[in-house]
1. Which ones in region B:65-88 are surrounded by fewer than 18 Cβ atoms within 10 Å (Cβ to Cβ) and within 21 Å of B:Ala53 (Cβ to Cβ)?
2. Can you list the strands (runs of 3 or more DSSP E) found entirely within region A:305-351 that contain at least 2 residues being more than 58 Å from the chain's Cα centre (by Cα) and crowded, with 16+ Cβ neighbours inside 10 Å?
3. Would you be able to tell me the number of residues in region A:25-50 that are out of contact with any helix residue (DSSP H, G or I) (no Cβ under 7 Å at 6 or more places or on another chain) and more than 11 Å from chain B (Cβ to nearest Cβ)?
4. Could you identify the single residue in B:Thr84, B:Thr63, B:Thr139 that is assigned to a helix (DSSP H, G or I), at pLDDT 85 or above and among the β-branched types (Val, Ile, Thr)?
5. Considering only residues that are closer than 30 Å to B:Ala208 by Cβ and over 23 Å from the mean Cα position of the chain (by Cα), which ones fall in region B:232-272?
6. Restricting to region B:23-60, name every residue that is loosely packed, with under 13 Cβ neighbours inside 10 Å, hydrophobic (A, V, I, L, M, F, W, C) and either at pLDDT 70 or above or within 23 Å of B:Gly148 (Cβ to Cβ) (or both).
7. If a residue must be free of Cβ contacts under 8 Å to residues at least 24 places away in the same chain and within 11 Å of chain B (Cβ to nearest Cβ), how many such residues does region A:237-255 contain?
Amino acid sequence: MGAHVQSVPRKLWQTLGAIKTGVILLILVVLLSAAGTVILQRPATEADEMQRAYSPQVLHLLDALKLSDVFHAWWFVLLLSLVSLSIISASIQRFPNAWRFFSRPYKSPDEAFRKGLPGHALIPIKDEETALSVAERVLQKEGFGPERIVRQNNFSLFGERNRFSEMAVYIVHASLLLIFLGGIVDALWGWRGFIMLTRGQESSQVTPQNASPRTLPFAVRCDGAGQENYADGSPKRWWSDLSVVKDGQVILRKQIVVNDPLVYHGVRFYQASYGNTGKLDSLALTATPREGQNPQEFKIGPNETHTLDADTTVRLAEFIPDFVVQDGHVYARSTELQNPAAHLVVESKKVAQSVDVWVGSGLQEDAASPYIFRGKDVQMAYFTGLEVSHEPGQWAVWAGVVLMGLGLALVFYFVHKRVWAVPVRDAHGQLKLWIGGTANKNKDAFEHQFRNVVEQIESELKVSSPAVAHAPVAALAGK
Amino acid sequence: MSRVAKIEQQPAVATGTTLVVMVGLGVAFLLFMAFLNVVKSGNLLNDSNLLYAALIFYCGAGTLYLAFGITGLPSYIRFASLATWAGLIANTGAVARRWYEAGHPPFASIYEMLLMFVWTLAVLTLIAEKKYGVKIIGTVTMPVAIVGVILMQLLRTEVRPLVPALQSTWLHVHVTLAMLAYAACALSFALAMMFLIQDKMKTETFLAATSLFTVATYVGILTRFEKWGGLSVVGWNPEDKAEIFIAKGVRLYVVIPDLGWLMVLVLAAVAAPLFLYLIWSKTHNQSLLTMANRAVFLSILLQVLALAFFALRARDGHYASLDAEGLFPTALAASPFILSGLIGTIFVSLLYLLLLWRRNDLERMLPSADELDRITYKTIAIAFPLLTLMIAAGAYWANRTWGSYWSWDPKETWAAITWLVYAGYLHMRITRGWRGRRAAYFAIGGFAVVMFTFFGVTYLLPGLHAYA
């Protein structure tokens with residue numbers, strides 16, 4: 001102890017890899033993340049709700065300890081980094097042993113090993129060669145792929161299955177580190193934000209949750225958006241037709257729906273929300289001349305001008321989706337399309353002054369207008385809300401997930417089984433075949449298989465040499 | 001004492017056939033009554049009828065499994081698994097019907113997930129029984145299935161169209177994996193409990209554990225105790241079949257008068273065995289233990305009383321609220337936690353009595369401790385990869401829907417905690433060679449976390465997983 005001086009970093013490294021450290025770290029992760037689900041968390045919960053839920057002192061304490069935003073607190077990130085380091089350290093410290101075991105399988109068991117192995121049997125035999133070839137045949141049939149081992153002018157057999165499963169646990173650990181790596185990359189270089197577009201609008205400005213806006217090297221344009229409903233009125237589908245525009249050219253077009261985003265250069269656009277802007281997209285009107293019977297139908301947008309005849313034009317000056325008249329003035333009551341009114345300005349070369357016309361239920365027509373207007377259809381402008389995210393680390397995460405699935409399958413469902421057969425002489429000098437077997441998991445099933453192998457070898461030996469007396473299979477209490 | 005003795009003798013008096021015939025007649029009678037009702041309404045094969053049939057069969061199976069546990073007669077187990085099969089067929093019918101009606105696999109609401117959970121549980125029970133020979137397992141799983149079906153009756157049942165976020169194949173993958181994993185965890189819990197019995201854990205320790213569970217449940221219920229002995233429960237709007245809210249995220253509570261006092265009385269009754277146990281552990285006076293066991297029996301009667309009164313008063317009726325003027329309705333569906341707590345404690349206390357009276361028979365019928373230890377480990381070795389894939393599928397789905405594969409929402413966090421707990425179990429077992437007791441405690445604790453993730457997070461913690 002005293003003679004063996006260890007440097008501090010080395011000691012630290014060993015402590016980090018100890019299973020005790022790992023368990024303590026994991027318990028801390030569990031406790032702190034559980035706290036993060038019980039205490040209201042900052043970005044998701046709005047400030048006034050936090051103030052309602054906690055008294056000022058408690059809130060101050062929670063904020064100071066970062067307990068109001070556990071999963072982004074520096075100490076939580078530190079803890080996860082320590083967990084990663086602990087996994088790395090443990091894997092590196094245990095790897096050489098495991099690799100030795102894996103790369104140099106133990107093929108010819110010595111006497112101490114033969115005595116200590118719980119699952120073994122001794123079968124009396126006449127000559128080594130017959131016994132070994134019988135055992136070889138049986139092991140071949142059971143899929144152990146036996147090989148003959150030569151040592152000091154005697155032969156023995158070694159067979160095994162699924163040796164790779166010994167290394168599978170490192171695949172699982174590596175996959176976990178890969179997932180963590182992806183998470184760290186995303187935490188450092190990833191971002192999330194929001195873009196709101198109406199039909200025909202184009203933008204390259206993303207507004208992140210709590211940072212200054214970010215400008216993309218390209219723009220997205222909304223060519224259309226809409227909602228479909230079930231018969232009961234609940235929403236069934238939201239969609240947006242998006243175009244990626246770069247240097248004035250459309251590079252990519254896609255209709256996105258919830259669950260199916262648009263991806264361009266690692267930036268993903270998700271359908272997040274959809275709603276009414278309260279503004280008009282277009283208004284369909286019929287205009288009937290005061291003298292004459294030829295009504296004409298036309299569509300008009302805000303501030304657009306439509307030519308009715310050679311002398312007359314009409315302009316949509318204002319649109320109110322839900323109007324109310326008070327004291328002779330028109331007011332907007334809400335942004336919902338409930339009681340629409342349109343303010344039209346009609347200009348005619350015959351008349352010097354322009355005429356204001358209000359179209360809407362219960363509003364008086366202006367007698368000075370050369371046309372009578374009727375509303376036919378209203379198209380409101382809807383916005384589509386796009387969640388934008390850039391997660392460069394996600395591929396590491398998915399690769400880690402696939403690797404972990406693979407690793408777990410290897411760890412749990414592939415058993416490393418080893419079988420040896422060695423001709424030996426017992427204390428009375430009688431020749432016997434020692435057969436031993438072991439498995440690294442699922443030992444009860446292996447015990448069954450091993451017993452079966454021994455019985456097969458025994459019965460085949462009896463057929464080939466009936467003189468050998470029957471001896472019971474011994475010592476099969478393998479665990 | 002006379003009462004205890006009488007109950008104890010009953011199974012011995014009834015022969016195997018009598019009980020089977022009685023249960024069979026009971027099942028037939030209930031089915032016939034249900035059939036008469038259905039004929040009147042005309043709609044025979046809708047999912048609530050099929051579910052009702054499943055409930056009747058599961059009740060029959062549960063009774064027979066329990067009877068098997070008490071008497072050990074093999075004929076019971078034959079009929080019990082027959083009833084389980086019949087219940088499973090009806091349950092499958094309900095799932096298929098629901099699937100057909102909704103046009104998507106039934107995973108969209110907690111009702112549909114319970115439907116799948118019960119189905120998986122019944123399938124696993126039959127597998128455990130036929131393949132591994134763990135015959136007694138139905139004693140534990142069937143009551144859980146029954147509670148599940150009863151809870152389903154209380155929840156909203158109409159097929160609701162899927163909101164856009166839920167229209168994804170990944171959702172089905174995610175939820176299927178979750179149900180399979182959780183059912184495997186439930187099984188490992190039951191096996192770990194049986195291991196403790198076979199590992200010669202003292203019956204007194206089970207007394208302490210079950211009493212502690214019961215006391216904790218009643219203390220939990222009594223956090224709703226109001227002034228003047230009322231018990232406050234969430235208001236329920238029968239038209240919308242939904243809880244009443246006064247503001248966003250703030251539920252309206254109504255106070256059922258006098259029920260609080262009753263709960264206090266029952267708490268005293270269930271605390272008595274625990275109290276007697278604690279004195280016994282200091283003094284080792286055996287008569288205290290006998291008294292404690294008798295107190296358990298008495299407390300079950302009072303618990304049934306509490307359940308009956310709660311069910312009667314909370315089923316419907318209008319009560320005053322402390323938060324708003326006027327009278328508001330409530331319903332059993334508004335208090336799933338209190339209800340399952342009340343049913344759960346009765347069930348746990350009954351299981352204790354089963355152990356107390358028939359421990360020798362149980363030990364004879366169960367596989368050996370070693371084998372149970374191994375099967376528990378195998379079940380977790382199946383559950384853990386399923387949990388992993390479930391989380392991965394959920395992350396992939398979230399990434400396609402919300403643009404982020406991990407957002408630390410409570411359900412996600414708790415799924416990760418569950419994963420860590422079982423990862424801990426596997427590490428301790430593989431690297432430290434943990435076997436037996438400690439591994440069994442770990443498996444039991446792991447299942448408690450699973451239950452919290454499944455129910456607790458949904459009802460107690462806010463988050464994105466609002467639909468389930």
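1. B:Arg78, B:Leu82, B:Trp85
2. Details: elements: A:305-307, A:312-320, A:323-326, A:329-332, A:341-348.
In region A:305-351, A:341-348 are the strands (runs of 3 or more DSSP E) which contain 2 or more residues that are more than 58 Å from the chain's Cα centre (by Cα) and crowded, with 16+ Cβ neighbours inside 10 Å.
3. Qualifying residue count for the region: 2.
4. On the way: B:Thr63 fails: at pLDDT 85 or above; B:Thr139 fails: at pLDDT 85 or above.
That would be B:Thr84, the only listed residue that is assigned to a helix (DSSP H, G or I), at pLDDT 85 or above and among the β-branched types (Val, Ile, Thr).
5. Within region B:232-272, the subset closer than 30 Å to B:Ala208 by Cβ is B:259-272.
Answer for region B:232-272, where residues must be closer than 30 Å to B:Ala208 by Cβ and over 23 Å from the mean Cα position of the chain (by Cα): B:Leu259, B:Gly260, B:Trp261, B:Leu262, B:Val264, B:Leu265, B:Ala268, B:Ala272.
6. Residues satisfying the conditions are B:Leu25, B:Ala28, B:Phe29, B:Phe32, B:Met33, B:Leu45.
7. The qualifying residues number 1.
A quick yes/no check of all residues on (1) at pLDDT below 90; (2) within 35 Å of the chain's Cα centre (by Cα):
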site: A:Gly400; (1), (2): no, yes
site: A:Gly405; (1), (2): no, yes
site: A:Asp426; (1), (2): yes, no
site: A:Ile435; (1), (2): no, no
site: A:Asp444; (1), (2): yes, no
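The values are calculated or read from the model by the stated rules, or taken from the named source; none is laboratory data. As the structure is a computational prediction, the values presented were derived from the model and not from experiment. All Cβ positions, even for glycine, are placed from backbone atoms using ideal geometry, and neighbour counts span all protein chains on display. For the accessible areas, the whole protein counts, side chains as well, though only heavy atoms, and no ligand, DNA or RNA atoms are used. Shrake-Rupley method; radii C 1.70, N 1.55, O 1.52, S 1.80 Å.
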